[in-house]
Amino acid sequence: MRKVVAFSVAAVLCLALVARADDKMASGKTMEGTISKVDMAGKMMMVKGADGKDSTVYWDDKTKVEGGDLKEGSKVHYKGDMKDGKMSATWIHVGEMKKM
């Protein structure tokens with residue numbers, strides 16, 4: 001019985017660490033891709049990354065959007081934080097980034 005409890009506790013701790021690592025990787029990092037779907041009313045877009053995976057990105061009235069209109073097929077760069085299991089963008093740039 002003690003082995004089962006010890007194993008259960010270890011498994012929960014490992015899962016918590018993995019979930020926390022995913023949140024840290026997404027937070028503050030600039031991500032990019034191509035918009036595959038936009039829902040302006042729901043303030044949500046699907047972004048297809050270079051790896052071919054779709055990510056759901058949400059924004060709100062505080063999100064800084066620059067560079068152009070959010071529309072399907074546009075290249076997009078964004079930064080955000082994971083909140084309640086959702087990616088909430090704090091900054092979105094539509095179009096190619098200018099190199100300095």
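Among the strands (runs of 3 or more DSSP E) confined to the range 40-100, the ones with at least 1 residues that are crowded, with 16+ Cβ neighbours inside 10 Å and of a type outside the set (A, V, I, L, M, F, W, C) are located at 54-58, 75-83, 86-94. Determine if the range 24-39 includes at least one residue that is of a type in the set (Ser, Thr, Tyr) and at pLDDT 95 or above. Scanning the range 24-39 turns up at least one residue that is of a type in the set (Ser, Thr, Tyr) and at pLDDT 95 or above.
The values are calculated or read from the model by the stated rules, or taken from the named source; none is laboratory data. On a predicted model such as this, the values are computed, not experimentally measured, just so you know. Cβ coordinates were reconstructed from backbone atoms using ideal geometry, including for glycine residues, and neighbour counts include every protein chain displayed.
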